[in-house]
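Below you'll find the structure, written out as structure tokens, and then a few comments.
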Amino acid sequence: MIAVLLIMIPLLGGLLLFTVKNEGSAKSIALFTSIAVLAVSLLGLTVMNSPADLNCDLRWISALNSRFHVGLDGMGQLICLLTAISFPLIFVATWSNVYKNGNRFYALMLLSQAGLMGVFLAMDALLFYFFWELALIPVYFLSSIWGGEKRIAATFKFFVYTFAGSLIMLVGIIYIYFQAGQSFDMHAWYNLKLDAGTQNWLFWLLFTAFAIKMPIWPFHTWQPDAYEQSPTAVTMVLSGIMVKMGVFAVIRWLAPVLPDGTYLWGDTVSLLCLTGMIYASLIAIKQDDLKRLIAYSSIAHVGLMCLAIFASNKSGLQGTMMQMFSHGVNIIGLWIVANTIETKYGTRKLSELGGLAQKDPALAILLVIVALANIALPLTNGFVGEFMMFNGVFSSSVTRYGVIDMAVAGICIILSAVYTLNMIKKIFYGDSNTLTKSGTPTSFPVLASLSVIVVLIFITGVYPKPMLQLTNDTVDAILRYMKTSI
Amino acid sequence: MNAIIFSAIWGVLMMFSGIFIKTKAVIRNLAIAGVALLLVVNLAELNHLLNLHINVRGMLVFDSFGMLFNSIAFAATLIYFLLSARDIEDVGVNQAEYLALIFFVLCGISIASSFNTLLMLFLGIEIISIPLYILTGSDKKNLKSNEASLKYFLMGSFSTGIMLMGIALIYGATGSFAVVNLAKQLDGFAPVMMAGLLLLLVSMSFKVSAAPFHFWTPDVYDGAPTVFTSFMATIVKAGLFITFVRLFDAAYGPSLAQWRLTIAFIIAATLFIGNITAVFQRSVKRMLAYSSIAQAGFMFFALFGYNEYAKEGIILYAAAYSLATIGIFAILIKMKDYTFDGYNGLAKQQPLLAFVNTIFLLSLAGIPLTAGFFAKYYMLLAAVKSGAYLWLVIFAVLCAAVSAYYYFRVIQAMYFKEGNGQVKEISPGFKLVLGILAGLVILLGLFPQLLLVHLYF
């Protein structure tokens, strides 16, 4: 019931919005719908959390033995909660943004939320693929219609990349379907033991799609352009949630299904992750454009998550799940600041900004906290996740290079401190110039949503136990399937 | 049998209606009623309700596969008439004759979808082809239309000759026209037989415009009046594919291993040429011609697969492809400018048209929630199940990703580019039918079994 509601509420809300012509009421309806989704998600976490409430299994295409099977496990709860929290935050923080044909903008936003929820809830591989593609379409239109100057080309690159990846994944899904006795059921896939030779190549059919989505170097080239050209509200969806689709899919659909493949290619993927992290961090240091800086920082962080998955141990997996949530919240916080600055001062260039802390102290304080969480300072949520991931990578029993992996990843954390603090310095400190002299304090909605993020940062940073408990069972189950091969 | 009889009779009826009836609307409605009648009698036969039984001595066989496809073809033609019958009137003065020819084509499709001997195959294909030569050249004062017609006729008769030659060789080797026996005769190496089968394969590949026999397609599709291109590229093409699948299953299937490499080559070449060339087109009409070649590459997987998914898949593909392409063509006919730029800003002028066009294009690209997704999906299923040539499947999906490029160019023009795409007069009925068509595409994209279940009556 809960699972179906999480998809249906934004879906129906989105369809309804196409008929609402009034801009203001469209905004309110969108906000209301997203809050309703959040309420349902919280309800699923607390009160109605029996399996009967959380799962739904209906007939869909019986000829293919595919079912409309959606459900929530611990990991699903966590990532659905992230999706549910993000949308109200995004709507509130960008409340003052004006869009042409605003009702359609909000309608597509809600449709993308429905698609994302579907990806995270699907327990049937075909259904998963269905939503995986569907989540992309609204985002494609959002970015292409309301994006920046070079939006059409950038978004199309993004689309073609991910579409090609998805189709290759589809071939893999079909192959496994036949191997699993014509079943798309997740548990049937988990219990399937393919021989190592098959897993060896099958791994890449699936992983290519996920790697493009995350994105892992060298599949990342679509990402900075797409982030830069999309309207910031959409960029928040892209980097806060959509990127997590790739990480999530590796944990749910790749590692337990193809444990041998995951083990065999672990070091190769780790190498790609590390290369990407270093590469993205170095570029981020050199960036002058605020949006591109955050985009590259995102590549670096996601690389670490992927690295930790392939450590194949409890600490690594739990850290990844924790970090999926934390990074989602933190990066949305960074984007909110970027959006505020861009709409206010009309520029994203760091070199043209400076001295904003005097004019806008509240924003400065909040940004500093978010930024510190982004570089994983203790007491913030970023620390918990990253510490566990590092621990996982270091103590990994599946690779001989655990120490080296950790050392290189550690350098990236230092680099992330360099570019994040540099960004703060350039925006908020130093002398104010003609552009920033006229600065005014930030409006209440933005500060409110940033405050919510800061509260989340501290709560999960100081007391992460509930979250870790939530994902505990999922991690154990997945590791059980992964361990069978090692 | 119902379909063959009624379509032939109605064709003759339409021919004479031109003499006795002077009102265009009456003739038009007569044709629409005829196709609706065809659909009804065919569905009645499919459901074993009404069957005009004629002893055909086993030369035709009416199974659910052929009849289900006939239903799809008639339903598609009905939609086609509802959307574009008025535009047929604009082509020339012989409105009744055009409609009569379309009925004869439908008659040919009904024969070709139920043939059981090579003789009937030949007859069916010829009944389809000859009216099409005329329809292609129906815009008599247009040089391009004439050129297309002549080209089509010459190339078409050439391939018919090849087909006859193949049939003759096969007859020489086996002493029979029966398709069923063909499979049994294939034990051991028989050069005459192989040559015959190869010629037959080549001529059929020509008819469905598979590479490297596709060269006529772009010119003919581009030169023919757009209403008839729409008919040719959808219903006729799907019909020919169904015929091909029938032939292949009976004649080639049992010794598939020998033919797989040939088919794989044709698939790879068709997909590659179709998709890559479509990318470079400026005119949407020509792009659709190449897209039809590219889609043919995917339909070829039905031959390659040779299992139950292949049969289900080709039915679904025929429906998905025909419905979507008819819709796109119907909108194209209403455009004043056939280039991609002609679509600029259409979403502002005609939101509904742009929206349904987007659904059709997404369906052709194979995005979930549209019929095109499951069509492609079943084809991949059939190919992967057969367990051979996984590289070909991966190549095919990469080509599908390329196809997104040119389909999305239309979407980009409609939604993201500034401009005022001009359209001709559009009636509310036209919009309604388009809306229903889009609804059908989405319905099949959610529940493909609604259609496929009829295969097992």
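None of the figures in this text is laboratory data; all of them are computed from the coordinates on show. What you see is a predicted model, and the numbers here were worked out from it, not measured in a lab. Heads up, the Cβs are rebuilt from the backbone with ideal geometry, glycines too, and the neighbour counts pull from every protein chain shown.
In whole angstrom, how far apart do the alpha carbon centroids of region B:107-180 and region A:240-297 sit?
Cα centroid of region B:107-180 versus Cα centroid of region A:240-297: 56 Å apart.
Which is farthest toward the positive dipole end of chain B among B:Ile267, B:Thr370, B:Gly172, measuring Cα position about the Cα centre, with Cβ charges +1 (Lys, Arg) and -1 (Asp, Glu)?
B:Thr370
Take the alpha-carbon centre of region A:447-467, take the same for region B:235-294, and report the distance between them in whole Å.
Taking the Cα centre of region B:235-294 as reference, the centre of region A:447-467 is 57 Å away.
Answer rounded, prolate or oblate for region B:118-171, using the Cα gyration tensor with square roots of eigenvalues a ≥ b ≥ c: rounded when a/c is under 1.5, else prolate when a/b is larger than b/c, else oblate.
Here region B:118-171 falls in the oblate category.
Once phi is turned into θ = phi - 60°, what whole-Hz ³J(HN,Hα) does the Karplus curve with 6.51, -1.76 and 1.60 give for every residue of region B:88-102, x standing for Gly and Pro?
5, 4, 6, 5, x, 8, 9, 4, 4, 5, 4, 5, 4, 4, 5
Using the Cα centre of the protein assembly as shown as origin and beta-carbon charges of +1 (Lys, Arg) and -1 (Asp, Glu), tell me which of A:Leu264, A:Pro51, A:Ile453 is placed farthest towards the positive end of the dipole.
A:Ile453
How high is the relative contact order of chain B, in percent, counting Cα pairs under 8 Å that sit 6 or more residues apart?
About 15 percent, as a whole number.
Between region B:403-457 and region B:33-73, what's the alpha-carbon centroid distance in Å?
Using only Cα atoms, the two centres lie 28 Å from each other.
Among A:Trp189, A:Trp60, which comes first, second and so on when ranked by fewest other beta-carbon atoms within 10 Å?
A:Trp60, A:Trp189
In whole percent, what relative contact order does region B:91-169 give with Cα contacts below 8 Å and a gap of six or more residues?
Across region B:91-169, relative contact order equals 25 percent.
Taking a virtual spin label 7 Å from the Cα of A:Trp201 along the C-beta vector, which residues in region B:351-394 bring their backbone nitrogen under 19 Å of it?
B:380-394
Could you give the dipole magnitude of region A:25-171 about its Cα centre, charging the beta-carbon of Lys and Arg +1 and that of Asp and Glu -1, in debye to the nearest 20? Show your work: numbers first, answer last.
Working: 8 positive and 6 negative charges, 116 e Å.
Charge dipole, region A:25-171, about its Cα centre: 560 debye, nearest 20.
Go ahead and estimate [θ] at 222 nm for chain B from helices alone: -39,500 (n - 2.57) per DSSP H run with n ≥ 4, summed, over the residue count, rounded to 500.
Calculated from helices alone, the mean residue ellipticity at 222 nm is -25000 deg cm²/dmol.
Could you pull out the trypsin sites (Lys or Arg not before Pro) across region B:239-298 that fall in loop regions by DSSP (anything but H, G, I, E, B) with no more than 12 other Cβ atoms inside 10 Å?
Of the trypsin sites (Lys or Arg not before Pro), the ones in loops of region B:239-298 whose Cβ has at most 12 other Cβ atoms within 10 Å are B:Arg282.
Taking the Cβ-Cβ separation of A:Ala362 and A:Ala39 as r and a Förster radius of 30 Å, what is the calculated FRET efficiency to the nearest 0.05?
E(calc), rounded to 0.05, equals 0.60.
To the nearest 20 debye, what charge dipole does the protein assembly as shown have about its Cα centre, counting +1 at the Cβ of each Lys and Arg and -1 at the Cβ of each Asp and Glu?
1220 debye
How big is the charge dipole of region B:61-146 about its Cα centre, in debye rounded to the nearest 20, if each Lys and Arg gets +1 on its Cβ and each Asp and Glu gets -1 on its Cβ?
Approximately 160 debye in magnitude.
With the dipole of region A:378-486 worked out from charges on the C-beta (+1 for Lys and Arg, -1 for Asp and Glu) around the Cα centre, which of A:Asn422, A:Tyr463, A:Ser395 lies farthest toward the positive end?
Working it through, the farthest residue towards the positive pole turns out to be A:Asn422.
For the Cα atoms of chain A, what angle does the longest principal axis make with the long axis of helix A:290-309, in degrees from 0 to 90, nearest 10?
30 degrees
Counting only other residues whose beta carbon sits under 11 Å from that of B:Thr339, what net charge do I get with K and R as +1, D and E as -1?
It works out to a net charge of +3.
Can you give the three extents of the C-alpha atoms in chain A along their principal axes, from longest to shortest, in whole Å?
Cα extents, longest axis first: 68, 55, 44 Å.
Taking neighbour Cβ counts within 10 Å as the exposure measure, how do B:His454, A:His327, A:His69 sort from fewest upward?
B:His454, A:His69, A:His327
Any chance you could run the full-extension gain for B:His48 through B:Glu425? It's 0.36 nm times the residue separation minus the Cα-Cα distance, nm to one decimal.
131.4 nm
To two decimal places, what compactness ratio does region B:78-214 give when its Cα radius of gyration is scaled by 2.2 N^0.38 Å?
Values: Rg = 17.8 Å, N = 137, 2.2 N^0.38 = 14.3 Å.
Cα Rg divided by the expected 2.2 N^0.38 Å: 1.25.
Arrange A:Ser50, A:Ser66, A:Ser281 by Cβ neighbour counts within 10 Å, fewest through most, would you?
Ordered from fewest to most neighbouring Cβ atoms within 10 Å, A:Ser50, A:Ser66, A:Ser281 come out as A:Ser50, A:Ser66, A:Ser281.
Using only helices, what value at 222 nm comes out for chain A when you add -39,500 (n - 2.57) per DSSP H run of length 4 or more and divide by the total residues, to the nearest 500 deg cm²/dmol?
-24500 deg cm²/dmol
Based on the alpha-carbon gyration tensor of the protein assembly as shown and its eigenvalue square roots a ≥ b ≥ c, which shape applies: rounded if a/c is under 1.5, prolate if not and a/b is larger than b/c, or oblate?
Working: a/c = 2.36, a/b = 1.72, b/c = 1.37.
Verdict is prolate for the protein assembly as shown.
Determine the sum of side-chain charges near B:Leu455: Lys and Arg each +1, Asp and Glu each -1, restricted to other residues whose C-beta is under 14 angstrom from that of B:Leu455.
Working: positive: B:Arg246, B:Lys311; negative: B:Asp63, B:Asp249, B:Glu308, B:Glu312.
Overall, the nearby charge balance is -2.
For region B:33-162, what does the relative contact order come out to in percent, with C-alpha contacts under 8 Å and a separation of six or more?
About 21 percent, as a whole number.
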